[in-house]
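The values are calculated or read from the model by the stated rules, or taken from the named source; none is laboratory data. Predicted model, so just to flag it, every value in this text is computed and none were measured. Here the Cβ positions follow ideal geometry from the backbone for every residue, glycine too, while neighbour counts run over all protein chains shown.
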Amino acid sequence: MKMLIFGGSGRTGQIMRNTAISAGWQVLAPTHAECDLLSPDAVSREVLESGADAVVNCAAISGLEACLDDPLSAHMVNAVAPATMALACRHTGARFVHLSTDYVLEGHKPGLRDESCKCKPANTYGESKREGELQVAEALPSALILRVSWVCGNPAKPAFVESMLSAALQGKALSAIGDKYSLPTDAQDIARVVLELLPTEAAGIIHTCSGGEPLSWHDCVSLALQTAVADGALAGMPQVARTALAAATFFRAERPRHTAMNNARLTQKLGIYMPSAGETLQNVTRRYLQSLKGS
């Protein structure tokens, strides 16, 4: 079985590639130089000529300020490219998995959101990703569209949690926003879920994140630090200053405050296990600390 992965060098793509190889897949993961996602012709040709049984799109322009500064590239990579992949998979019969984001959701009201909830992106990134969802679904109704949030868990590509752990280990002052809420997702869980869903008939949007009640960035950091202390990596619990999203003047693109997702379709209807947010942060923390021992 052959898998074609777009974005194979990214935070999730690296883990997806390694997990698929370990599961016995032959993996193709073209670099940007080998397949320019700004070129629909190049993307279509890559899929059509790959002979892939499954195509997984982990690629995106995910930097909110990068999307704000270059909306055309965001549109091409986050919407046109995945739609092109879906159309090509329609011709080849390959299973297609597209990774999306909680940032497509309306983000004003607290609480957990399921797949039927309103989409009203707050920024160019979210708008381009929502457009990608709609175009993929139209081009290939059998496609899987996995919405993920606050992806972490790849020590080679540190996310916010790992960066804060690194700062704590160096004794630096810590602060985290306490009024923006979602749920973390371990990249290893994303890769596992993809492999479990591929042989099924599941299709459409599936919220793919850890379970539990919404957490703030401050909550996530605190839970990760608690694990580091319990495991002896830190002598004591560091102080983490709680800051407000409105005070983060270095953010030029608007951030939604409330985008935590309910994963019940994945876990209850499709029967695929996802850890709680606390378990995810514990796993991610221990994996990152272990990576430091090996470096």
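Data overview
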{"read-out": "Hits in segment 238-289 - residues which are in contact with a Pro (Cβ under 8 Å, 6 or more places away or on another chain) and in a helix (DSSP H, G or I)", "value": "Ala277, Thr280, Leu281, Asn283, Val284, Arg287, Tyr288"}
{"read-out": "Cβ pairs under 9 Å, 6+ apart, first in segment 261-281 and touching a residue at least 40 places away in the same chain (Cβ under 8 Å), second assigned to a helix (DSSP H, G or I) and basic (Lys, Arg)", "value": "Ile272/Arg192"}
{"read-out": "Residue in segment 153-170 that is within 30 Å of Gly24 (Cβ to Cβ), in contact with a helix residue (DSSP H, G or I) (Cβ under 6 Å, 6 or more places away or on another chain), surrounded by 22 or more Cβ atoms within 10 Å (Cβ to Cβ) and of a type in the set (A, V, I, L, M, F, W, C) present", "value": "no"}
{"read-out": "Of all residues in segment 239-252 being modelled with pLDDT of 95 or more and touching a helix residue (DSSP H, G or I) at 6+ places or on another chain (Cβ under 6 Å), the one that is farthest from Ala173 (Cα to Cα)", "value": "Arg242"}
{"read-out": "Those strands (runs of 3 or more DSSP E) lying entirely in segment 15-123 with at least 2 residues at pLDDT 95 or above, among the aromatic types (Phe, Trp, Tyr) and closer than 22 Å to Leu134 by Cα", "value": "none"}
{"read-out": "Selected residue (only one of Leu183, Leu174 is touching a Pro at 6+ places or on another chain (Cβ under 8 Å) and surrounded by fewer than 21 Cβ atoms within 10 Å (Cβ to Cβ))", "value": "Leu174"}
{"read-out": "Qualifying residue in segment 177-196 (condition: touching a residue at least 24 places away in the same chain (Cβ under 8 Å), touching a helix residue (DSSP H, G or I) at 6+ places or on another chain (Cβ under 9 Å), assigned to a strand (DSSP E or B) and among the aliphatic types (A, V, I, L, M))", "value": "yes"}
{"read-out": "Hey, Met85 buried (at least 16 other Cβ atoms within 10 Å of the Cβ), more than 17 Å from the chain's Cα centre (by Cα) and more than 14 Å from Ser142 (Cβ to Cβ) or not", "value": "no"}
{"read-out": "Any hit, segment 54-68, residues being surrounded by fewer than 23 Cβ atoms within 10 Å (Cβ to Cβ), within 30 Å of His258 (Cβ to Cβ) and without any contact (Cβ under 8 Å) to a residue 60 or more places away in the chain", "value": "yes"}
{"read-out": "Of the criteria (1) in contact with a Leu (Cβ under 7 Å, 6 or more places away or on another chain); (2) surrounded by 16 or more Cβ atoms within 10 Å (Cβ to Cβ); (3) more than 29 Å from Val136 (Cβ to Cβ), which one Asp219 fails", "value": "(1)"}
